[in-house]
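Trainee: Sharing a structure below in structure tokens format, with a few things to ask.
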Amino acid sequence: MANGTRPDVAFSVNRLSQYCAGGEAAHFKGAVRILQYLNATKNLALTLGGSKSVMAYSDADYASDPSDRRSTTGCLLLMGGAPIHWRSQKQRLVAMSTTEAELYALVRCALDAKALTELLNELGEPPFQLIIKCDNESVRKAVNKRCNTKNLKQLEIRQKVVTHNFALWNFAVEYVRTGEQLADILTKPLQRQIFERLRNQLLH
């Protein structure tokens, strides 16, 4: 249940879940460590505010798994400054570059965001432009059609799909500095100081 209510452990739970069928002693110790961390921080919780403003963060850790070199996608949706949906997930394809991994993550985040906006529309909320924060400038330029991706056909196709759908869905991509990328907590192990700073922006 913690993975569904605590975005700060989503990455760790995702990584450990890959060893459910053949876990070793180190993986068991990792699971115990997560439980100890949750017990020590059980006062932290999601706090929903009154605002209905929606913001999204998209991130990827390129080739982060040494066993198969697949990247990890991080997606975070916030409403009123509070997380309401997050995703920490290994990508299905092996990305050939950081830009490709980030673009895969952006597509996944956009699909999650689209489902949220459709739900809000059904609940009577007026249409709005949704901003997705990304810390990769090349991806932002690709979505805004200011980056040449013709050297990689697969990447070019994905870029065209993204730009077309973003126009239809009224989505926009904005650059955010890596230090302010909240989805970073969903993609990789972080130094304690960085982890706690990001966690404290999500949980109170």
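Trainee: Residue under question is THR47, and the condition is that it be more than 16 Å from the chain's Cα centre (by Cα), at pLDDT below 90 and not charged (D, E, K, R); does it hold? If you could, list the steps in order and put the result at the bottom.
Mentor: Working: more than 16 Å from the chain's Cα centre (by Cα): yes; at pLDDT below 90: yes; not charged (D, E, K, R): yes.
So THR47 passes the test.
Trainee: Among the listed residues GLY74, GLY80, GLY22, identify the single one that is within 24 Å of ASN136 (Cα to Cα) and of a type outside the set (A, V, I, L, M, F, W, C). Spell out the reasoning first.
Mentor: Working: GLY80 fails: within 24 Å of ASN136 (Cα to Cα); GLY22 fails: within 24 Å of ASN136 (Cα to Cα).
None of the other options fit; the residue is GLY74.
Trainee: If a residue has to be exposed (fewer than 15 other Cβ atoms within 10 Å of the Cβ) and touching a residue at least 40 places away in the same chain (Cβ under 8 Å) to count, how many in the stretch 24-69 make the cut?
Mentor: The qualifying residues number 4.
Residue by residue, here is whether (1) of a type in the set (Gly, Ala, Ser); (2) more than 10 Å from the chain's Cα centre (by Cα); (3) at pLDDT 90 or above; (4) within 30 Å of LEU44 (Cβ to Cβ) holds:
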site	(1), (2), (3), (4)
GLY80	yes, yes, no, yes
ARG87	no, no, yes, yes
LEU93	no, yes, no, no
GLU100	no, yes, no, no
ALA105	yes, no, yes, yes
LYS114	no, yes, yes, yes
GLU118	no, yes, yes, no
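Trainee: Related question: Within the stretch 1-44, can you find the residues that are assigned to a loop (DSSP other than H, G, I, E, B) and more than 18 Å from the chain's Cα centre (by Cα)? Can you show your working first?
Mentor: Quick first cut of the stretch 1-44, residues assigned to a loop (DSSP other than H, G, I, E, B) only: 1, 6, 20-24, 41-44.
Listed by number, the residues that qualify are MET1, CYS20, ALA21, GLY22, GLY23, GLU24, THR41, LYS42, ASN43, LEU44.
Trainee: Of all residues being assigned to a helix (DSSP H, G or I), in contact with a helix residue (DSSP H, G or I) (Cβ under 8 Å, 6 or more places away or on another chain) and loosely packed, with under 14 Cβ neighbours inside 10 Å in the stretch 160-178, which is modelled with the lowest pLDDT? Just the residue, please. Even if it seems obvious, please write down each step before you answer.
Mentor: Within the stretch 160-178, the subset assigned to a helix (DSSP H, G or I) is 160-169, 178.
If we keep only those that are in contact with a helix residue (DSSP H, G or I) (Cβ under 8 Å, 6 or more places away or on another chain) as well, we get 161-163, 165-166, 169, 178.
So of that shortlist, the ones also loosely packed, with under 14 Cβ neighbours inside 10 Å come out as 161, 178.
Numbers: VAL161: 72, THR178: 93.
For the stretch 160-178, the residue satisfying everything is VAL161.
Trainee: So LYS133 fits all but one of (1) modelled with pLDDT of 95 or more; (2) assigned to a helix (DSSP H, G or I); what number is the exception?
Mentor: Of the numbered conditions (1) modelled with pLDDT of 95 or more; (2) assigned to a helix (DSSP H, G or I), the odd one out for LYS133 is (2).
The values are calculated or read from the model by the stated rules, or taken from the named source; none is laboratory data. Because the structure is a prediction, the values reported are computed rather than measured. Quick reminder, even Gly has a Cβ in these numbers, built from the backbone with ideal geometry, and neighbours come from all protein chains shown.
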